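Before any comments, here is the structure.
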Amino acid sequence: MACCTSSCARTALSTEADEASGVVVTQPPPTYETVVVDARRLRSIRFRINGKMRVVDAATAARMTLGEYLRENEGLTGTKLSCREGGCGACTVLLSVYGAQRRPVNSCLRLLAACDGCEVTTTEGLGTMKAPSPVQRAIADSDASQCGFCTSGMVCALTYALETGKDIEEAIDGNICRCTGYRRILDAARGIDLHNSSSSSSSSSSSSSCSSSDRNSQSTGDIEDLLTPAKLRRTPYYAPRTVDEACAIVAARDVDVVGARTGVGVSKYYDGEVIDRAPRPPVNAIMDISRIAELTRINGASIGAAVTLQDLVEYCEAQRASMDVDSGDRWSTLTAHLVRVANNQVRAVGTVGGNLVLASRFHGFPSDLNLLFHALGATATLVDAAKRSQSELSMDQVWDMDWTGQLLLRINVPPRSDANEIFLSQKVAQRHRNAHAIIHCAARFELDDSDDDSLLLTRAVVCFGGIAGGRVVRAKATEHVLVGSQLGDDVALRRALEALDAVVAAVADSDDGKSTFRRLMVRRLFYKIMLRATASRKAIAPELCLASTFSRRPPISSGSWDVEGAGGDPSQFPVSQVGIHKLSALAQCVGAAQYTDDIPRTKGTLFGAFALAPAIGKLVSVDATKVAAAKNRDVAYVLVASDLLDAGFTLELTDDADAERVLTPVGSDVRHVGERVALVLATDREAAEDAARLVVAAVDRQSEIVLTIEDAIQASSFFDSTPGELVVGDADQAMQDADLVVRGVASCGNQYHFYMETQTCRAAPWRAKGARIDVATQSIATVAATAARCLGVDSALVEARMERAGGGYGGKAGRSVPTACAAACAAVLAGAPVAIALPLTDNMAMLGSRRPHEFRYAAAANSDGTIVAVKGIAYALQGCSSDMGSLADALDVAVSIDGPYRIPNWSVSGYCCRTNTPTNTYCRAPVFFPGHLLIEQVIEAVAGKLGLDAQIVREKNMYKSGDVAIDGQHLSACTLDKCLAEVKAKLPGGYAGLAAEVAAFNARNRYVKRGLAVAPFKYAMSAATGYAARVTVHRDGSVLVQQSGSELGQGLYVKQCQVAALTLGCSMENVTVDSVSSRISTLPTGGSTTSEGNAASVRLACEKLADRMRAVRVKAQLEDAATWHELVAACADAGLDLSAYAVYDGTQKESGVLPGSQPADQPERYVCYGAAASLVEYDALSGEQNVLRTELVTDQGTSLNPNIDAGQAQGAFAMGLGYCTSEEFVWRDDGALLTTGTWEYKPVLAHDIPVVFSVSMLPDTPNKQGIFSSKASGEPAVLAASSVLSALRHAVVAIRADEVGVIRDFDTAPDVLPAPATPAAIAEAAPLEWSRFSFGQLRC
């Protein structure tokens, strides 16, 4: 161990006078430990932010994350705090640690104190509006930013990738974008030549990192004071430089040992903090070991505990590159597996030791490193801090370790023996990247080294993880069978598979519902590894070659978009002009775009956090005693329902009998886990959230809980016992006359909206008990009206307003109201502004999702595939209450269940299910997406029973122009046939050619199958009427547009700007679109009608102004060449009223612009059409599926903004893709939602989108029923994702076809794969008979 420093060594007896007695008391000399503790405790930290030196008190910096500091103290609000657990990437900044190459990190996890000696670069430091960085400029110019909440994090992650040459997809594997679908982001980044740019932001930051001279350049008097009301708590922070110093600190103090602290984003899912609302564990002191050089090195087979995952990946890559080895080499396997651990930001700083200790402390955590090191036979070296004695432990011992007084020093990996070694691993997760293992397997084999060609196994280690919590299970019986056998021996394989019975039996039942899947996958993973191991040494059956390979997704994806055909007449430009970008795109990229929580806070602002009910039943009491006992001076109020009632406020948000409440009062029913029971107000957000967890809500638990549609049916739990009815034609007679009747159940589940900006608002008292509310919402008018109702004041005394929101997708309409009303009530009651930004996990627990649906049907068809009738019962799951008075209709899919198919006879009834789950609401493409998925399952079932290709059945029944839809809509301009033909033609070799290739591929390959499907879709629009607009022209020529819509990333503002500029004849640069306010807005933003509806009203208002100005032009005899400013000046001099208000109500007409009302016998709406073709590949042994190609064609009419609308279609498809594949809700039996946050809920990432993804707009199809001949773009393309689900079904059918006559349990497998098609769902739909697993010809 290193010696102590000279200053520590020079100790002596000290004397101190007792002032009271005057007696001189001799003090004992300080011990070595106390000297080290004092010497290595940081008093201040010094670091740079965007090149500027900062010196901060360390004890308070240990209580604050870097993200909090950047936003609250530096005002650098470009950095967003969304999930606050390192799973979404919105908080990403660049960090150069001690002068090294800067890396991306999650600022929401990084403690500020851990930034000592570092350089931090935010998106604001990379560029400005006047001088953006190449990455910022490329994203803005490529329309790669929509809502923009993720953009600053994307900018930082991509900057790192381009500086280091890292793969773009891998660089953003920790960044979620819900809007764009990633394709534009990837294309933008690939078009940048960063190294040839003159921008200073492209250079490495290492030259400006803090040096030792920097650290000595300022005295303690320069320390920034963080002891504001926002941070009154202090935590000692220690930064030892040697192991000996670390031991001294551990021996003397109770400290949390951290390397990068990334584990806090995970541990909360295993310590009860998320699911059971347990209080956050206290932190007394922190010791950072990342500065101990001995622990940050890799010396041959020794890996220091503080080595980062990224350093380990790079070490493995270097070893792999330096050796001529086959794909079974340990370095290749480790590299491939490690890049799937966590994400780029976590790997950059997260440590090997931290991962292993996390698994040891929380036995449910499925550590990939623990599995890999087990299989490699690694050991761990620990040191007892008090005794300074080292010990070497097995990985099993490490997993069961009590870490009190112990430090992990290193992992010792045995070197590769002289024998021929094969090391392989496989991980099954919910999505390709940034997802923990559901089950994983690793194996190490040693072959007889007497002969290079030997296949004799002399040693076998086979390990499984994820089957019994996080414990690694050795398949010892299987290992015993393998030793002494030959690779490729079918008899040994069969015996080894049988010996896995013990491992299958070890799979524990779990709340996540995946135990059956894990049991299925044990033998599949083992077989895959055996195939790979054998294939690396000898030939195997050709049909098994692909099954022997691991991840087959190409590392680079590509795509294109063709919008020229949807552009408009140049005489109408800038409307419909290609190349018009979002107004705020660059501001979003450089961090200048302001969102609700970015608004500078006024002095005295309080932060709010909700206490949530832990159970379902009668609320007995709400006790804040523990909050008071904590004596946290930051906490100002704990408000319960009675406080609001005593103030004269109304709890109910609507007049409904089952109305949702701001807070649930004692004595009332708690209808779902996560219901709001109290609101804590504090001067610091963290303090409010900590205190909220100390509030104890006692609930007399309800015995019967209704969570699912099946539960609701069993309990007859419906909002209305009288079903809704839909009858078209004579279904009963058609059933009797048909050749075939197919019966089944179609379903689709929940989908969380996953807006990157959680529900956020800020309310301030205004006038007599009124309030002004800044809120992220889609329904500004509903927020204001409901807040006025709750406060008991006139609506005129409440204003709600918003500049922009970080996504919505329907989830910020009614679901934004409860939080805003709570903030308004609290602000008036406290007499101070109140800000609330929900933690993601609270957001998901409180506020519901897309409504799940189920359809129990009978479908009648003829032998040629014509479907003649459908009968059935449809169920929609609403949750525990209405959504601001809106329920799912008893038959809410009545207008959509036909999809794009003409089925002449229907008899359907429907129920709205009442459950003990949060209130569900609309989600992107509501009603139509579920209806489309349900009818597609019917199509697939009919095709299966008839033995026909599902594509034949689709095309046989597809709508044509002149048909009448199920709801009476006349399809007078149906373009389904055109879209279908276009998308088929875009496939390589055409549809027929590609289908033949897929059939040939499936015939050649066992266990790896491809699927191809083409999905037409139909989406009927609501009338885009009732939106108000006011346009004002100022004397200086500037134009202010005030309109009714919420900017959510859909390009609403730029479209209004285009219309105003065209109509007035001015430049778009003259036009400003104002923030939306309840003073003018009366309708919610949704249904993809808002952009065009507001555009119509802006057009009318501008026409009024144009008419007035035209008269002045004539009167003043201005020449045609007069400039805009000259005309405005003349109008102002003439005293002209230059402000106009208008509302498009559907009666106004203008050829090619405003269609006016339709004939009385037709609904006032048009229909969107499109088609998508998707090619997928599924590996039944690994559970991995890849979307290899998607071609999407949409009928966009004449697009208002082709660039924006194409991006909307791409993003819509990606959101639908998540719903169809990876996004699912899992409920615990007591009603707790287990899939909250980014750890368990998995939207698609860049690695999940199609490898080839192209979007085009149908040319020359102006919409005569649309405003400016346009059609909606934000929602219809969601339905296109059903093509992936159908293609997966095709692949599953191919898997099942190989097992027909052998498999015994097809009766338990679903006939048609439901949505979402998760790895578990697909595996259960495609059972395999493991007794047929073989290296050669398949046994029959």
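The values are calculated or read from the model by the stated rules, or taken from the named source; none is laboratory data. Here the structure is a predicted model, which means the values were calculated and not measured. In this analysis, Cβ positions are derived from the backbone assuming ideal geometry, glycine residues included, and neighbour counts consider all displayed protein chains. Heads up: the accessible areas ignore ligands, DNA and RNA and are worked out on the full protein's heavy atoms, side chains in. Shrake-Rupley method; radii C 1.70, N 1.55, O 1.52, S 1.80 Å.
Things worth noting here:
- The stretch 844-860 - phi-based ³J(HN,Hα) in whole Hz, Karplus 6.51/-1.76/1.60, Gly and Pro as x: 6, 6, 8, 10, x, 7, 4, 6, x, 9, 9, 9, 9, 10, 10, 10, 9
- Of Ala348, Ser779, Ala824, farthest towards positive along the dipole that unit charges on Lys, Arg, Asp, Glu beta carbons give the chain: Ala348
- Overall, the accessible surface of the chain at a probe of 1.4 angstrom is composed of carbon and sulfur to the extent of 50 percent.
- Label point distance in nm, Lys618-Asp977, each placed 7 Å from Cα along Cα→Cβ: 6.6 nm
- Using the Karplus relation 6.51 cos²θ - 1.76 cosθ + 1.60 with θ = phi - 60°, the per-residue 3J(HN,Hα) values for the stretch 1078-1086 come to 5, 5, 10, 7, 10, 10, x, 8, x Hz, with x marking Gly and Pro.
- Packing-based ranking of 1180-1190, 671-681 yields 671-681, 1180-1190, ordered from highest to lowest mean Cβ neighbour count within 10 Å.
- With protein chains left intact and a 1.4 Å probe, residues in the stretch 796-887 average 17 Å² of accessible area per residue.
- Residue-span extension gain [Asp38 to Val483] - 0.36 nm each, minus C-alpha spacing: 154.6 nm
- A Cβ-based charge dipole, computed about the Cα centre of the chain with Lys and Arg at +1 and Asp and Glu at -1, lands at about 1520 debye.
- Centre-to-centre separation between the Cα atoms of the stretch 378-440 and those of the stretch 92-143: 33 Å.
- From its DSSP helices (H runs of at least four residues, each -39,500 (n - 2.57)), the chain gives a residue-normalised ellipticity at 222 nm of -8500 deg cm²/dmol.
- Qualifying GluC sites (Glu not before Pro) for the stretch 1069-1150 [loop in DSSP, other Cβ within 10 Å: at most 10]: Glu1119
- For Gly559, the amide hydrogen comes within under 5 Å of the amide hydrogens of Phe1253, counting only partners 5 or more places away or on other chains and with H modelled in the peptide plane.
- Förster-model FRET efficiency, 56 Å R0, Lys945 and Arg280, C-beta, rounded to 0.05: 0.55
- Full extension of the chain segment joining Ala293 with Thr1147 gains 299.9 nm, where the gain is 0.36 nm per residue of separation less the Cα-Cα distance.
- Between the residues Ala1291, Leu457, Ala1315, the greatest Cα displacement towards the positive end of the dipole of the chain, with unit charges on the Cβ of Lys, Arg, Asp and Glu, is found for Leu457.
- The stretch 30-188 - charge dipole about Cα centre, Lys and Arg +1 at Cβ, Asp and Glu -1, debye rounded to 20: 340 debye
- Lys, Arg +1 and Asp, Glu -1 on Cβ, resulting dipole of the stretch 137-176 about Cα centre, debye, nearest 20: 160 debye
- A cut-off of 5 Å between modelled amide H atoms, ignoring neighbours fewer than 5 places along the same chain, links Gly879 with Thr915, Asn920.
- Anisotropy class of the stretch 49-130 from Cα gyration tensor, a/c 1.5 cut: rounded
- Highest to lowest packing among 883-894, 756-767, scored as the average C-beta count within 10 Å: 756-767, 883-894
- Using 0.36 nm per residue and subtracting the Cα-Cα separation, the extra length available between Lys52 and Met1068 on full extension is 362.0 nm.
- Here the Karplus curve 6.51 cos²θ - 1.76 cosθ + 1.60, taken at θ = phi - 60°, turns the phi angles of the stretch 938-949 into couplings of 5, 4, 5, 5, 4, 4, x, 5, 7, x, 9, 5 Hz, with x standing for Gly and Pro.
- Principal axis extents of the C-alpha atoms in the chain (largest first, rounded to whole Å): 97, 89, 68.
- Heavy-atom surface of the stretch 290-422, accessible at 1.4 Å and reported per residue (Å²): 35 Å²
- Only one residue of Cys247, Phe517, Met129 has its Cα farthest out toward the positive end of the dipole of the chain, where Lys and Arg carry +1 and Asp and Glu -1 on Cβ, and that residue is Cys247.
- With both labels modelled 7 Å from their Cα along Cα-to-Cβ, the Leu740 to Arg1332 distance reads 2.3 nm.
- Entries in Lys427/Lys538; Lys582/Lys1264; Lys268/Lys618; Lys956/Lys1271; Lys978/Lys1271 that, when Cα-Cα distance is taken, lie over 21 Å: Lys427/Lys538; Lys582/Lys1264; Lys268/Lys618; Lys956/Lys1271
- Candidate cross-link partners of Lys1009 among the lysines, defined by an alpha-carbon separation under 18 Å and a same-chain spacing of 8 or more, comprise Lys528.
- Cα-based shape type of the stretch 519-589, given that a ≥ b ≥ c are square roots of the gyration tensor eigenvalues and the cut on a/c is 1.5: prolate
- Residue list for the stretch 977-1015, given a label point 7 angstrom along the Cα-to-Cβ vector of Asp1260 and an amide N cut-off under 20 Å: 977-986
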